[in-house]
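Some notes on the structure that comes next.
The values are calculated or read from the model by the stated rules, or taken from the named source; none is laboratory data. Treat the numbers as computed from the prediction; the structure is a model and nothing was measured. Ideal geometry is used to build each Cβ from the backbone, glycine not excepted, and the neighbour counts take in all protein chains shown.
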């Protein structure tokens, strides 16, 4: 009887040698004449322990890590196929404190299942939400999602049920493009924020969950066609999704007769070219239509006039992947998790200068300090954590005095921050926050679609002003000018790229003013040139 060994195929594991480890295990098993079945999974989210290897035993799956190819012979000698002792032995992942305290709903299967096996997905509870949805009227599905309190996990935190209700109620006009689906479901998988990787981990580790969520969304609003808009920098997610979509069609999960219900839902994967602005929903829709990705003025909202002029649901990966468990277990079950108006769980991602980087799925309400120290273990450098940026490159820089803020949309808004996609980037006491503020303006200038003047030109002027401040020329007047520019960006930009760029800049000015007094060689040179 062969042993079953699980090795992650997640991009984070592959980056540190998981493919070589899997090959070494297969080769050593063959050399010993030992039967071994290697199952490639997603990551459990304990990224600092990758490559993580688990083996099925009567006592459960026993983990070892981080494993290198050179460790494999010793693992076999120590009897790891039976859960034997070895310096790399971690025990059951479920017993590791980092994992044990989590509340995994969306990521419950990731790391457990073969992401390319529909049978494995079903064996671990998959498709139960869809089966229930098929027995309900569209309005009832929308009601359940609305009552669950689910809000968009892509950044804006707009109530999902309200968006779906708008699309359900939207009248459909004849199209000048000829016959086409009356409504669409679009998954925004253009995950581009620094420090974020939950979308990628979900798509690589449990792609059938996203497919199930999109089908349910289609049933809820009367859409028969869906698109996943995936950033081209995610080749492993692309491979997993392509395999899962092909399997879903082959087994009647997608197509003209979803699970024998007589209901239709088709799904395509489309690749974006890597433009950050295409994470904004209207730019994404332009890109899907074959145009240059540029922001559309609103109204009309995409829910009324979206892809090809049709009513369109645009949700991100984690939002759609949260839907199946809501349909399976009910709105009340999901609402029991969370805090205030922030219900359910949020996959949080620890990155940057952090000792134990990875993914933590927790109900809203946990504090930033708990995440940084109880989970993250403090900085990787051992130095004090001076600041964290939450919500991507346009998120505010939060000082240590705000680390007790709960993970809650309204709590973050109250301190001038945003949760965004749940990415948390950590900096120790060597960080220069004035340089980081300048980077925010530079990032906006480079990634602007050019549609509106505040974003296109204001971001470049912002870099120049920060350089002058660092050079010490009329510093007080330039700080007033910088704040005024930020207010113009916030109020007059067409979308969140320009509108959110002030968050990191103003937070750096407010909480770390001393950094704007210290000149840097580059800013002195620029200051002399433009002064």
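Among the residues of segment 92-130, how many are outside any loop (DSSP other than H, G, I, E, B) and farther than 24 Å from residue 374 by Cα?
The total comes to 9.
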Open item on the list: Please go through (1) touching a strand residue (DSSP E or B) at 6+ places or on another chain (Cβ under 7 Å); (2) modelled with pLDDT under 95; (3) surrounded by fewer than 23 Cβ atoms within 10 Å (Cβ to Cβ) for residue 275 and return the number of the only condition it doesn't satisfy.
Closed with: (1)
- [ ] Tell me which of these residue 44 doesn't satisfy, since it passes every other one: (1) farther than 30 Å from residue 339 by Cα; (2) in contact with a helix residue (DSSP H, G or I) (Cβ under 8 Å, 6 or more places away or on another chain); (3) touching a residue at least 40 places away in the same chain (Cβ under 8 Å).
- [x] (1)
Task: Count of residues meeting criterion [surrounded by 17 or more Cβ atoms within 10 Å (Cβ to Cβ) and farther than 30 Å from residue 291 by Cβ] in segment 253-272 - done: 2
TODO: Determine, yes or no, whether residue 246 is surrounded by fewer than 22 Cβ atoms within 10 Å (Cβ to Cβ) and at pLDDT 95 or above.
DONE: yes
Open item on the list: When you check residue 72 against the structure, is it assigned by TED's automatic domain parsing to the domain that holds residue 9 and in a helix (DSSP H, G or I), yes or no?
Closed with: yes
Open item on the list: Residue under question is residue 217, and the condition is that it be over 28 Å from residue 395 (Cα atoms), surrounded by 24 or more Cβ atoms within 10 Å (Cβ to Cβ) and in contact (Cβ under 8 Å) with a residue 24 or more places away in the chain; does it hold?
Closed with: yes
TODO: Specify which of the listed residues (161, 155, 195) is at pLDDT 95 or above and over 15 Å from residue 226 (Cα atoms).
DONE: 161
TODO: Please enumerate the residues belonging to segment 50-69 that are in a loop (DSSP other than H, G, I, E, B) and over 26 Å from the mean Cα position of the chain (by Cα).
DONE: 58, 59, 67, 68
- [ ] Give just the number: which of (1) buried (at least 19 other Cβ atoms within 10 Å of the Cβ); (2) in contact with a strand residue (DSSP E or B) (Cβ under 7 Å, 6 or more places away or on another chain); (3) closer than 30 Å to residue 484 by Cβ does residue 399 not satisfy?
- [x] (1)
- [ ] Output the residues belonging to segment 416-431 that are surrounded by fewer than 17 Cβ atoms within 10 Å (Cβ to Cβ) and out of contact with any strand residue (DSSP E or B) (no Cβ under 7 Å at 6 or more places or on another chain).
- [x] 416, 430
Open item on the list: For segment 33-47, which positions are buried (at least 16 other Cβ atoms within 10 Å of the Cβ) and outside any helix (DSSP H, G or I)?
Closed with: 36, 38, 39, 40, 41, 42, 43, 44, 45, 46
Open item on the list: I want to confirm something. Restricting to segment 1-25 and keeping residues that are without any contact (Cβ under 8 Å) to a residue 60 or more places away in the chain and more than 33 Å from the chain's Cα centre (by Cα), which single residue is farthest from residue 359 (Cα to Cα)?
Closed with: 1
Open item on the list: I'd like to verify a number: residues in segment 159-174 that are part of a loop (DSSP other than H, G, I, E, B) and surrounded by fewer than 19 Cβ atoms within 10 Å (Cβ to Cβ), how many?
Closed with: 4
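Each row is one residue, and each column tells you yes or no for (1) in contact (Cβ under 8 Å) with a residue 60 or more places away in the chain; (2) outside the structural domain of residue 165 (by TED's automatic domain parsing); (3) surrounded by fewer than 19 Cβ atoms within 10 Å (Cβ to Cβ).
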| position | (1), (2), (3) |
| --- | --- |
| 286 | no, no, no |
| 290 | no, no, yes |
| 306 | yes, no, no |
| 316 | yes, no, no |
| 319 | yes, no, no |
- [ ] Could you tell me which of the residues 509, 485 is modelled with pLDDT of 90 or more, in contact with a helix residue (DSSP H, G or I) (Cβ under 9 Å, 6 or more places away or on another chain) and farther than 21 Å from residue 388 by Cα?
- [x] 485
TODO: Grab the strands (runs of 3 or more DSSP E) fully contained in segment 177-295, keeping just those with 2 or more residues being over 25 Å from residue 10 (Cβ atoms).
DONE: 184-189
Open item on the list: So, in segment 138-158, exactly how many residues are surrounded by fewer than 17 Cβ atoms within 10 Å (Cβ to Cβ) and not in a helix (DSSP H, G or I)?
Closed with: 2
Task: Subset of segment 3-32 [part of a helix (DSSP H, G or I), in contact with a strand residue (DSSP E or B) (Cβ under 7 Å, 6 or more places away or on another chain) and surrounded by 17 or more Cβ atoms within 10 Å (Cβ to Cβ)] - done: 18, 21, 22, 25, 29
